[in-house]
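The block underneath contains the structure these notes are about, expressed in structure tokens.
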Protein chains: 2
Amino acid sequence: MSKNSLGYVDLVAIFKKQIQSGVWQIGRSIPSESALAKEFGVAVGTIRQAIIELSNDGVLIKRHGKSTMVSGGLNGQSMLRFFRGNVSGSGQASPTAKVLAVKETPIDKTLSGLTGWSTKNALRLHRMRFINESPTLFETIYIPLPKFKKIIKVSPRDYESLLYPMYASLCEVAVMKAKDTVSFELLKKSDAKALGLREGHPGVRVDRLAFDLSGAVVEFRTSVGDAMAFQYSAEVN
Amino acid sequence: MSKNSLGYVDLVAIFKKQIQSGVWQIGRSIPSESALAKEFGVAVGTIRQAIIELSNDGVLIKRHGKSTMVSGGLNGQSMLRFFRGNVSGSGQASPTAKVLAVKETPIDKTLSGLTGWSTKNALRLHRMRFINESPTLFETIYIPLPKFKKIIKVSPRDYESLLYPMYASLCEVAVMKAKDTVSFELLKKSDAKALGLREGHPGVRVDRLAFDLSGAVVEFRTSVGDAMAFQYSAEVN
DNA sequence: GAGTGGTCTAGACCACATC
DNA sequence: ATGTGGTCTAGACCACTCA
């Protein structure tokens, strides 16, 4: 006895593959529910159940009356809400970012251990983030090659101010989830200097692993800032 | 033309009221889907849609083959994973807690501003949390009266080691959501002393607002610890 | 085996977006 | 007016739990 028709769980897996393989592209529409029902030989309700699950996971975006689209993932502006006196407050803060350096570097044991990357090289970016013109976060970012090779051809001055949307549009990589680890440390000389503080000043450090749809790590980022200006809010559910 | 039958959105609201009013009690079963369908005069599918939504919000707990139950909310053991070398690691850490003082205090403007509490008094607890016998977090906890009046009659030595389950079983209060705000500061003398550190040592402070099903604040808690031992992990979605 | 939730169907009808 | 997703129905059948 073999099952000869697909369940919604199967469809969820199939739809994910459509996205990972690029058949369904980031930011573009997927076929209508009734079309998919015909294509896969199931009832519309079954298609809907699969789509609703993916929508709850942030993979698809539904809007009543319009077609369902493939999400580009997180937008990455989530990092700066960690500091006092910024965006979420009233008035206008002006968060900006500047990429200071881009360099191709080998993936060493430490980095591959953290990320699971098995290719040889990665890109390393140094990036400063500003609030109201003042340097607030110094970031070191690793992204693997060759997946992000198109980034190399972009001049750092032409980087978009948010990296994740750029990853999506340029490299077809959607960051769906991330894990932050916040810890406290005294600033090293180099970090302190970049932030306009003295060596040994209390610092905060946020290590972030960013994951794509398949759960693979697509970025590792370390951000350092002034602990005394730091404030992090999180929902616990 | 009036709508003469209930939609699943209406049912979600109705079911929440059943819980808030105590008709459906924390930890107990709710009627079966088919029974509810008859009671409210709708199809089973409509009941299911409402229940699924509440289940996704953590309000109800479904288990295949068994009846659906009302959740007791968060368990409150979430705070200690913030420190290094603890539970989530291998081996056995032994997190414990000890309530040092319980006192009835008036709700001042600051507290009512933060929490929205409009009654006159609150209970204030001082509580120390330990990892492997060593004092790690010093907590100051406010809960409003008269909602928590049953707590007064319990001797601090008889408190359960997790407070949220005690709130649920004793006071019918389920903490469904919380908001943590993490910041760094130099330890005040009193906090430092309680933690076995010297005044001015780098400290971490976590302010938490805990919410019930209706979104009302049911607890305000401030936790202070050693910044050097602090490590916080969070998922970003 | 009786009772519960889980999946799927086929179709009706509603609500929103767009032309 | 057409196409899309949103809601609801009534019923069949499956899968799990427990006595």
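Which one is farthest from the other protein chains (Cβ to nearest Cβ) among residues in segment A:152-176 that are of a type in the set (A, V, I, L, M) and within 15 Å of A:Phe220 (Cβ to Cβ)? Once the filter is applied, the top-ranked residue is A:Val173. Taking B:Arg63, is it of a type in the set (D, E, K, R), within 12 Å of DNA strand C (Cβ to nearest atom) and in a loop (DSSP other than H, G, I, E, B)? Spelling it out, B:Arg63 is indeed of a type in the set (D, E, K, R), within 12 Å of DNA strand C (Cβ to nearest atom) and in a loop (DSSP other than H, G, I, E, B).
Kindly indicate whether A:Glu172 is at positive phi, of a type in the set (D, E, K, R) and either surrounded by fewer than 19 Cβ atoms within 10 Å (Cβ to Cβ) or touching a strand residue (DSSP E or B) at 6+ places or on another chain (Cβ under 6 Å) (or both). Here the answer is yes, as A:Glu172 does meet what is asked. Residues that are in contact (Cβ under 8 Å) with a residue 60 or more places away in the chain and either near DNA strand C (Cβ under 10 Å from one of its atoms) or part of a helix (DSSP H, G or I) (or both) within segment A:18-38 comprise A:Ile19, A:Gln20, listed in sequence order. Taking segment A:177-237 and the strands (runs of 3 or more DSSP E) fully enclosed by it, the elements with 3 or more residues that are more than 11 Å from every other protein chain (Cβ to nearest Cβ) are at A:217-226. Filtered by the rule that a residue be among the small types (Gly, Ala, Ser), in contact with a Leu (Cβ under 8 Å, 6 or more places away or on another chain) and assigned to a helix (DSSP H, G or I), segment A:39-56 gives a lone residue, A:Ala50.
Out of curiosity, is A:Glu199 on the phi > 0 side of the Ramachandran plot, touching a residue at least 12 places away in the same chain (Cβ under 8 Å) and surrounded by fewer than 21 Cβ atoms within 10 Å (Cβ to Cβ)?
no
If you go through segment A:18-45 and keep only what is within 12 Å of DNA strand D (Cβ to nearest atom), within 30 Å of the chain's Cα centre (by Cα) and among the β-branched types (Val, Ile, Thr), you end up with just A:Ile30. Scanning segment A:2-16 for residues that are out of contact with any Gly (no Cβ under 8 Å at 6 or more places or on another chain) and either surrounded by fewer than 12 Cβ atoms within 10 Å (Cβ to Cβ) or not hydroxyl-bearing (Ser, Thr, Tyr) (or both) yields A:Ser2, A:Lys3, A:Asn4, A:Gly7, A:Val9, A:Asp10, A:Leu11, A:Val12, A:Ala13, A:Ile14, A:Phe15, A:Lys16.
Looking at this structure, is B:Ser155 farther than 27 Å from B:Gly215 by Cβ, without any contact (Cβ under 8 Å) to a residue 24 or more places away in the chain and of a type in the set (S, T, N, Q)? Criteria met by B:Ser155.
Put simply, of B:Leu54, B:Leu123, B:Leu114 the only residue that is within 16 Å of DNA strand C (Cβ to nearest atom), at pLDDT 95 or above and out of contact with any Cys (no Cβ under 7 Å at 6 or more places or on another chain) is B:Leu54.
How many residues does segment B:174-186 contain that are within 19 Å of B:Tyr232 (Cα to Cα) and under 26 Å from the mean Cα position of the chain (by Cα)? Qualifying residue count for the region: 9.
Of everything in segment A:66-100, what is in a strand (DSSP E or B), modelled with pLDDT of 90 or more and away from chain B (no Cβ under 14 Å)? Give them in sequence order.
Scanning segment A:66-100 gives A:Met69, A:Val70, A:Ala97, A:Lys98, A:Val99, A:Leu100.
Taking every residue in segment A:6-17 that is within 14 Å of DNA strand D (Cβ to nearest atom) and pairing it with any residue that is of a type in the set (Asp, Glu), at least 6 positions away or on another chain, the pairs with Cβ-Cβ distances below 8 Å are A:Tyr8/A:Glu53.
Quick grid of which residues meet (1) in contact with a Phe, Trp or Tyr (Cβ under 6 Å, 6 or more places away or on another chain); (2) surrounded by 17 or more Cβ atoms within 10 Å (Cβ to Cβ):
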position: A:Gln18; (1), (2): yes, no
position: A:Ala35; (1), (2): no, no
position: A:Ala43; (1), (2): no, no
position: A:Gly58; (1), (2): no, no
position: A:Arg63; (1), (2): no, no
position: A:Gly72; (1), (2): no, yes
position: A:Ser78; (1), (2): no, no
position: A:Ile107; (1), (2): yes, yes
position: A:Asn121; (1), (2): no, no
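Among the residues of segment B:159-171, is there at least one that is assigned to a loop (DSSP other than H, G, I, E, B), over 19 Å from the mean Cα position of the chain (by Cα) and at pLDDT below 95? No, there is no match, as no residue in segment B:159-171 is assigned to a loop (DSSP other than H, G, I, E, B), over 19 Å from the mean Cα position of the chain (by Cα) and at pLDDT below 95.
The values are calculated or read from the model by the stated rules, or taken from the named source; none is laboratory data. No experiment lies behind these values; they were computed from the predicted model shown. Note that each Cβ is placed from the backbone with ideal geometry, even for glycine, and that neighbours are counted across all protein chains shown.
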